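Step one of this worksheet: look at the structure below.
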Amino acid sequence: MILDWLICLLLVSGSFFIFISGLGIMRLPDVFTRMHAGTKASSFGSGQIMIAVALYFLEPWIVIKCVLVVIFIFATAPVGAHMLGRACYFLRIPMWQGTVVDELKGKYDLKGHTLKSQDE
């Protein structure tokens, strides 16, 4: 009975995080903040749902597959977000007006794709 409640809690919590991720993608002002919502919350929500699936079935092959899916999501989502953000920065996609810090401004050569060190 406790396991059933834990599975329900994981499913509801995971669904909530995925809903928040979708809401963030629709409501946030620029691609950089949307990218954050699309990767962090949805990865966490998907991980919770996969843990619930593994706990529900409790069969070795299903648990292994669920763990592999979670590892794949956690390994690829940040890399994909980083590459998307990098491409958007190179294409000079405008940042939100409320953005306070642009740490690459003046330090990154967009033509040569080189980063200037602090020593230069």
Within region 85-100, does at least one residue satisfy the condition of being on the phi > 0 side of the Ramachandran plot and of a type in the set (Lys, Arg)?
yes
Among the candidates LEU68, LEU84, LEU104, single out the residue that is touching a residue at least 12 places away in the same chain (Cβ under 8 Å), open to solvent by 70 Å² or more (accessible area, probe 1.4 Å) and not in a strand (DSSP E or B).
LEU84
Go through region 10-46 and report how many residues are over 19 Å from VAL79 (Cα atoms), assigned to a helix (DSSP H, G or I) and of a type outside the set (A, V, I, L, M, F, W, C).
6
If GLY22 satisfies all but one of (1) open to solvent by 100 Å² or more (accessible area, probe 1.4 Å); (2) within 30 Å of LEU3 (Cα to Cα), what's the number of the condition it fails?
(1)
Tally the residues that are open to solvent by 60 Å² or more (accessible area, probe 1.4 Å) and without any contact (Cβ under 8 Å) to a residue 24 or more places away in the chain, restricting the search to region 47-64.
6
In region 87-100, anything under 11 Å from ASP30 (Cβ atoms) and part of a loop (DSSP other than H, G, I, E, B) is listed as ILE93, PRO94, MET95, TRP96, GLN97, GLY98, THR99
Determine which member of the set PHE74, PHE44 is of a type in the set (Phe, Trp, Tyr), surrounded by 15 or more Cβ atoms within 10 Å (Cβ to Cβ) and touching a Gly at 6+ places or on another chain (Cβ under 9 Å).
PHE44
Filtering region 66-110 down to residues that are over 12 Å from the mean Cα position of the chain (by Cα) and β-branched (Val, Ile, Thr) yields VAL67, VAL69, VAL70, ILE71, ILE93, THR99, VAL100, VAL101
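The values are calculated or read from the model by the stated rules, or taken from the named source; none is laboratory data. Computed from a predicted model, the values in this text were never measured in an experiment. All Cβ positions, glycine included, derive from the backbone under ideal geometry; neighbour counts span all protein chains shown. To get the accessible areas, we keep the full protein, side chains included, count just its heavy atoms, and leave off ligands, DNA and RNA. Shrake-Rupley method; radii C 1.70, N 1.55, O 1.52, S 1.80 Å.
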